[in-house]
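Everything below concerns the one structure shown next.
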There are 2 protein chains.
Amino acid sequence: MGSLAAHRLRVQAMTQQKAGNPEPQVSSARDKVLERRRTILAAIRDAAIDEFASKGLIGASTQAIAQRAGLTKPQLHYYISSKEELYEDILVYILDEWRELFLTASTGDSPAEVIRAYVHKKLEYGRRNPKASRLFTTEIANGAPVLGRHWAPYQASTLEAVRLIQSWVDQGLVRPVDPLLFQMHIWAVTQHYADFEVQVRNMMHLGDGEEPDYERIEKEVASLFLRALGIE
Amino acid sequence: MGSLAAHRLRVQAMTQQKAGNPEPQVSSARDKVLERRRTILAAIRDAAIDEFASKGLIGASTQAIAQRAGLTKPQLHYYISSKEELYEDILVYILDEWRELFLTASTGDSPAEVIRAYVHKKLEYGRRNPKASRLFTTEIANGAPVLGRHWAPYQASTLEAVRLIQSWVDQGLVRPVDPLLFQMHIWAVTQHYADFEVQVRNMMHLGDGEEPDYERIEKEVASLFLRALGIE
DNA sequence: AATTAGTTTGACCGATTGATCAGATCGTTT
DNA sequence: AAACGATCTGATCAATCGGTCAAACTAATT
């Protein structure tokens, strides 16, 4: 359960401000140290996401993670407690980012607006964080052995979206669909563009420099689900 | 490029029938040996699919593969030439099975029939071969470093399906869609049910013994794409 | 100048990795 | 019975794995 930053007692202790020491000078020096540490931990996290995403939990080596982060192996182990815990921490970290990647609606938004916004948000995240996206896919495809203990928030957000879609159906705003499956389908299609970028590029016959036409993709994906709801 | 069966010259040599030796007796003895080998190779393949699917190329160990196949490690290495080649052979083997998993139509089939048949076929394969399905997903998600050299047939089948869908659009049988993206979307959704079974089960709140309602899933998935085409 | 907390280093641990080898073993064919 | 090709086995290889350790180092506090 340890956070990336504080896996050892002494490190944890240092994080707390000493009592009765309000001078800004002292705190400035401490802040310098803390920020340096934060920088290193961020580098470790980025390196680990890369490694884990392309090799998996078992295939990834701490050696390689250290190298990517510009550290030596013992140095890395000074900041983390174990490979498994680092992996779990990173999964939780990404999962936390994903809380906002669910169907949500402000009052007054039409179903079409909600779907379009969701598709846009999800595709954009995948385009900007392909590694994180693939790390998740690999974990889930392998049976979610680690993630399994952490997707309570995931379920909660899902349930909320289910209720939203069901309310559309009940009000007769859209054609009837299974809310849960419908949501999973959106997830599947948008996720596809992040996880299978190579396949997409290949099937589109794109060169190394070229980028997929994300505008057209977004339109087409949104259209798929809007038509299914009978609102396009 | 070695096949699973013949990575060594002597093994390869034995596969060929001796010239001028047509007796069924002799060939029966030889056949016995050959069939035994075939059995072992099949066991290796199944074991390797399991291992590679859940650990990835790097994470999988020949030790574990041997154990799953009921062999010792040196015994396994007698039949395969290297872990990498075994992995590649298996990818090609699965890819070959997938040739039939594309949109195809006999003359006279309506678009709705074709889509429904495709969704059915694809979902069923995923349900019956989840490991092979996930092995592929992991490989592609990791940038298809090995598969990259082998998906020419894949591309060909894709192109055929693109032409088929485009012809529907041109004839005014369906609402206009991007044929390539449309096909990828079907692929993405159906693949999802194989690769993310854990997630699906979790979101459906299924116990260990319960199975997802594949009939409803199939109906809902087909409906999604039929509505997008304006034919439901 | 001495002390201290935080960090880095190189050497090292037992375990496991993919793979090889010579020799033993097996069933068939001569 | 001898000879043969095919297969199996235990021992073993260098390389790498995740992780630890004491000692050296650095920078700030006293």
Requested in this report: Might you let me know whether the range A:148-170 holds any residue that is buried (at least 22 other Cβ atoms within 10 Å of the Cβ), at the interface with chain B (Cβ under 9 Å from one of its Cβ atoms) and of a type in the set (A, V, I, L, M, F, W, C)?
Outcome: no
Query raised in the report: For the range B:171-190, what are the residues that are within 9 Å of chain A (Cβ to nearest Cβ), part of a helix (DSSP H, G or I) and crowded, with 20+ Cβ neighbours inside 10 Å?
Result: B:L181, B:F182, B:Q183, B:M184, B:H185, B:W187, B:A188, B:V189, B:T190
Query raised in the report: Residue check, A:E124 against (1) crowded, with 16+ Cβ neighbours inside 10 Å; (2) under 30 Å from A:L181 (Cα atoms); (3) of a type in the set (D, E, K, R), all met but one. Which one?
Result: (1)
Report summary line: Checking A:Y93, A:Y118, A:Y87 in turn, the sole residue that is touching a residue at least 12 places away in the same chain (Cβ under 8 Å), surrounded by fewer than 18 Cβ atoms within 10 Å (Cβ to Cβ), more than 16 Å from DNA strand C (Cβ to nearest atom) and of a type outside the set (G, A, S) turns out to be A:Y93
**Report entry** Positions within the range B:42-83 being touching a residue at least 40 places away in the same chain (Cβ under 8 Å), over 17 Å from the mean Cα position of the chain (by Cα) and within 10 Å of DNA strand C (Cβ to nearest atom), in sequence order
**Finding:** B:I80, B:S81
Report task. Tell me, please, whether a residue that is outside the structural domain of A:A47 (by TED's automatic domain parsing), among the charged types (D, E, K, R) and free of Cβ contacts under 8 Å to residues at least 12 places away in the same chain can be found in the range A:103-110. Result -> yes
Report task. Return the total of residues in the range B:198-232 being in a helix (DSSP H, G or I) and either facing another protein chain (nearest Cβ under 8 Å) or surrounded by 22 or more Cβ atoms within 10 Å (Cβ to Cβ) (or both). Result -> 14
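Residue check: is A:R116 over 20 Å from B:Q191 (Cβ atoms), of a type in the set (K, R) and in contact with a Lys or Arg (Cβ under 9 Å, 6 or more places away or on another chain)?
So A:R116 fails the test.
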Report task. Of all residues in the range B:112-144, count the ones that are aromatic (F, W, Y) and more than 13 Å from the chain's Cα centre (by Cα). Result -> 1
Report task. Might you let me know whether the range A:140-152 holds any residue that is in a helix (DSSP H, G or I) and under 23 Å from B:D178 (Cβ atoms)? Result -> no
Query - Filtered residues of the range B:60-114 (kept if away from DNA strand D (no atom under 14 Å from the Cβ), assigned to a helix (DSSP H, G or I) and of a type in the set (S, T, Y)) - result: B:Y87, B:Y93
**Report entry** Among the candidates A:Y118, A:Y193, residue that is farther than 30 Å from B:G148 by Cβ, more than 8 Å from chain B (Cβ to nearest Cβ) and at pLDDT 95 or above
**Finding:** A:Y118
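The values are calculated or read from the model by the stated rules, or taken from the named source; none is laboratory data. Every value quoted in this text rests on a predicted model; they were computed, and no experiment measured them. Backbone-built Cβ (ideal geometry, glycine too); neighbour counts: all protein chains shown.
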